[in-house]
Amino acid sequence: MPSEDKRKQDQSGPGTHKRLRNNEQNNNTVDDPSPDFSVDITDEGISKCGVLKWVTVKNFMCHDHLKFEFSPHINFVQGRNGSGKSAILTAVVIGLGGMARWTNRGNNLRDLIKHGKHIAVIEIGINNSGCNAFKPESYGNTIIVERRISLSAATSYKVKACDGKVVSVKKDELSRMLEHFNLQVDNPVTILNQDMSRSFFNTTEPKMLFKLFLKATQLQQMKDDYADLERNIESSLRTIECRKECLPDLEKEVEEQRIHYQFSLSLREKGNRLKELRHELAWAKIINLEQEKAKAEKDLENHTKARKEIQEKIEELQKVLEQETEVRERNTKLLEEATSHLTTVSKEVREVDRKMRKIRNELKEKQSQFNTTEKKVRTLASEISTLRSAIEKDNDGAKSRWAAVRAEWQRKMNIVEDEIKELMENLKTENTHFDNLQHTLDLKKSEKTHLDLEEKALSKQLNGLERELKGLQGQKGSHLTVYGQWVPQLLEKILHAHSNGLFIKKPVGPMGAFIKVRDTKWAHVAERVLGKRITSFCVDNQKDEKVLRELMKSITFDQQSMPIVSVSKFRDKVLDVSRFETSSSKYSSLWSILDISDTVVANTVIDQMQVESILLIPTAQEAGRLLKDRSKVPRNCKCAYTLNLDQYYPDPNYRVYSGRGSHRARFLQVSVEDKIKDIMKNKEECKERLMLLLAHEIKESQVEIKSLQEKIGMSNKKTQAYKRKLETLRMKVADLQNEEAPAPPDIAQLEEDVRQQEINMENVKAKMEEIRKSSLEKKQEFSNFSGALLELRQKEKHAYKEVEKCKRALEEACANAAILEIQSCKKKDKDLKMKKKHLEKSLTSATETLEKAMKSADAFNLGARIETKKSVKELERQYTSLQARLDKERATSGDPITIAERYVATKQRYKQVSEDLNKHISLMKV
């Protein structure tokens, strides 16, 4: 972009050009055959606000890293085609918030990132010193605008102060700054690139262009003034027009004679110039060879440095791997210890819980005994009181009645107690029977739930098979329906869209249609590895992906999910995987048994599935013997499969994932007829299983559940009846105990009975006190166990957290990433080692060519070295052109004296006519 002085020159207007034309006319009258035209540009010393100071680009278009500093005046940029001249102007437009389409250098900003790079950075410095500065307290005397363009993320802005501090990351701040300085990067009058100028001038009417020019440069008023002047001098011009008729012919003759004269004078000078060009061309070739040698040395040095960095990285990764392995082993040991501790604590918790339940039952029993004893004490006290009352009554008749009543009371009491004991046994038996029935009912209900779920799943599977069978039978003509009924419809839409030009390159798919397995016994393994990629499609670019996904939205996929779309640049050749393919004398790789008819599909399978590193081993025993020992693991083997679909990962990260067993392939090399047969077979099996469920298992389960529910109801009724009868008997016991007994007939006997009852009561009280103390001890013991149980449960919870923590640590310490990165680095190191030979060969060749050129220079005595900045191609063109011109002039030039005399005479005639004409013109100016 031009700086301040360039704008001042552009604003000088047509008057400046008029003065230049006047100077040209005046200079043509001078004897000097080579007139000089110049423009005086005033140096103001310091640029004003809003003037660009420098622009830096990284990974932008053809530049790796370039910093371009603008001078305070006009800036000219020269270079070869494709060297990046226009990239500087494009960087200014994009860096100041422009869009890619304004530059005509790409449809998207990502197209401007240098090939092979992921991020491009543009940084522009803008002068902010002076009275019209933009937020000088925030930015200082320089505003730095940085714009980042990424392949994987959105573009970002940073507006920074002169010290590099970020002031804003919003585009609004940049827009306000550009508006403040009146920087319009989208205005073609301010910035007009090559492509825009061509398309603009070719597609726009001249009148519109002229109006735009006048309006943009504010020359409309000046145009009107010039129109008035032209009308005033039109009549005067007609007067002198006739006198000018002879002047062009005479001027042409003078020019021709001057050219002949200059040619005759410059023959010797051109000869010397030709010699100088020959020497300069020779030295330019030597300089070019030196640059090639220096470039080769630099490339070799960079290569050595890169390889050293790779090796250092491999060493660091090895250390990291060792550390991760050590951490993993330590975490494994900690996990085992934590698991053992958790098991021990859980066992203790269960033991304490069992003891607590036992103590709780004992405590309940003690409390029941205490209540019974207490009731017995009250009964004995009542009997003693009755006996003492009877002693006072000395009545013989009462004795016999008392004995009869007492015997009857004791008989009734014995009968009721026997009934209570029998009833308690029956109630206990019935409760056990009820619990067993309830447990059996829960199991049957769970089985019934599983059967219902299985019945729904089978019905859903049967409906899906019927739909799939119907679709296949309706489209027997297309073998692609094996991959889905929707495939022919989608392929037809893709063909139609491609014929209409919606796709840049026609998508390829489904991938399984292009894949065959040479050994069909491994077809199901190939399907397992490819997974959903079998029905996927491949596209060349993001635009084609969007178009294909829009087409897929109009397709009905039934029970299937929308197919995967892989975006990868289409290549003409299949990638060479011979260096990375696993090899074994007995077993084949998955890549070796695949026959892929399409290049795009083959490259996608290599890039995304790494089939060249998968080994096929028939049995699990063979796989275990081969992959457990690192020394026996085949080269480049990352994974292995057996016919049973067991997946093995080799040592040092040896692990096994069991498969689901061998089965027929569903897609690869399967015809529509085979697919229909498989579906019909699955349909019949599904129907048989569904009929069996509905006819037998579900009905039997329902009958068993109903029978169990009836038995549970009957058991519950029996239990309630037993409880009611038990309550009635207990009430009878209470009534019998509360009956008032008659006085004893024999006073002595009654007194003996009183003493005996008092002894009994003392014994019962002692027993009651013993039961009370025992109950208190049990309560204390229960409280102690309760505290212990709470503490053990806390320990169990803490131990469980420790186990989970150790599991997470063990998962985080997985060393697979480090191993893969080490393998990647080793692969890069191997590639760099191979590339080193090529670089050394290039350096040797460049050195030998330079030595030959230096010997030739000494042999031809080229003289002092010429440090030219011109290219060899340009010098060759100049030398050839000058040689041809010099030969032609020497052949056509005549006598130099005659040519000089003829030139002087012609010039005198032209001077006389020109002076007469200038007098009229001067008069007209006045």
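See the values below:
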item: Leading residue by the ranking (surrounded by the most Cβ atoms within 10 Å (Cβ to Cβ)) among those in the range 609-625 that are among the hydrophobic types (A, V, I, L, M, F, W, C) and either modelled with pLDDT of 90 or more or under 22 Å from residue 579 (Cβ atoms) (or both); result: 615
item: Residue match in the range 787-803 (condition: closer than 30 Å to residue 317 by Cα and either part of a helix (DSSP H, G or I) or modelled with pLDDT under 75 (or both)); result: yes
item: Candidates 543, 521, 569, 532 - the one that is in contact (Cβ under 8 Å) with a residue 24 or more places away in the chain, open to solvent by 80 Å² or more (accessible area, probe 1.4 Å), under 24 Å from residue 110 (Cβ atoms) and in a helix (DSSP H, G or I); result: 543
item: Members of the range 161-182 found to be open to solvent by less than 90 Å² (accessible area, probe 1.4 Å), touching a residue at least 40 places away in the same chain (Cβ under 8 Å) and within 19 Å of residue 48 (Cβ to Cβ), listed by number; result: 177, 178, 180, 181
item: Residue count for the range 588-608, restricted to those that are open to solvent by less than 20 Å² (accessible area, probe 1.4 Å), in a helix (DSSP H, G or I) and of a type in the set (S, T, N, Q); result: 2
item: Test: residue in the range 535-543 that is modelled with pLDDT under 90 and of a type outside the set (Phe, Trp, Tyr); result: yes
item: Complete set of residues in the range 63-121 that are among the β-branched types (Val, Ile, Thr), part of a strand (DSSP E or B) and out of contact with any Leu (no Cβ under 7 Å at 6 or more places or on another chain); result: 119, 121
item: Search result, residues across the range 137-154 that are over 21 Å from residue 70 (Cβ atoms) and surrounded by 14 or more Cβ atoms within 10 Å (Cβ to Cβ); result: 138, 148, 149, 150
item: In the range 432-444, the residues that are under 14 Å from residue 714 (Cβ atoms) and either open to solvent by less than 80 Å² (accessible area, probe 1.4 Å) or of a type in the set (A, V, I, L, M, F, W, C) (or both); result: 434, 437, 438, 441
item: Matching residues in the range 134-156 - criterion: being among the β-branched types (Val, Ile, Thr) and at pLDDT 90 or above; result: 142, 143, 144, 145, 149
item: Number of the condition not met by residue 580 [criteria: (1) surrounded by 18 or more Cβ atoms within 10 Å (Cβ to Cβ); (2) under 19 Å from residue 529 (Cα atoms)]; result: (1)
item: Restricting the range 735-756 to residues that are open to solvent by less than 30 Å² (accessible area, probe 1.4 Å) and either hydrophobic (A, V, I, L, M, F, W, C) or in a helix (DSSP H, G or I) (or both), the residue that is modelled with the lowest pLDDT; result: 743
item: In the range 479-500, the residues that are open to solvent by 90 Å² or more (accessible area, probe 1.4 Å) and in contact (Cβ under 8 Å) with a residue 24 or more places away in the chain; result: 479
item: Considering residues of the range 813-842 that are modelled with pLDDT of 75 or more and either of a type in the set (Ser, Thr, Tyr) or outside any helix (DSSP H, G or I) (or both) only, the residue surrounded by the most Cβ atoms within 10 Å (Cβ to Cβ); result: 842
item: Candidate set from the range 550-566 (those that are exposed (fewer than 14 other Cβ atoms within 10 Å of the Cβ) and of a type outside the set (Ser, Thr, Tyr)); member that is modelled with the lowest pLDDT; result: 559
item: Of all residues making up the range 64-73, the number that are at pLDDT 85 or above and surrounded by 16 or more Cβ atoms within 10 Å (Cβ to Cβ); result: 3
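Conditions tested, residue by residue: (1) closer than 14 Å to residue 193 by Cα; (2) open to solvent by 50 Å² or more (accessible area, probe 1.4 Å).
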position	(1), (2)
54	no, no
76	no, yes
95	no, no
103	yes, no
107	no, yes
111	no, yes
124	no, no
132	no, yes
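The values are calculated or read from the model by the stated rules, or taken from the named source; none is laboratory data. Everything quoted here is computed from the prediction, not taken from an experiment. With ideal geometry, Cβ positions are generated from the backbone for all residues, glycine too; neighbour counts draw on all protein chains shown. Heavy atoms of the whole protein, side chains included, go into the accessibility calculation; ligands, DNA and RNA do not. Shrake-Rupley method; radii C 1.70, N 1.55, O 1.52, S 1.80 Å.
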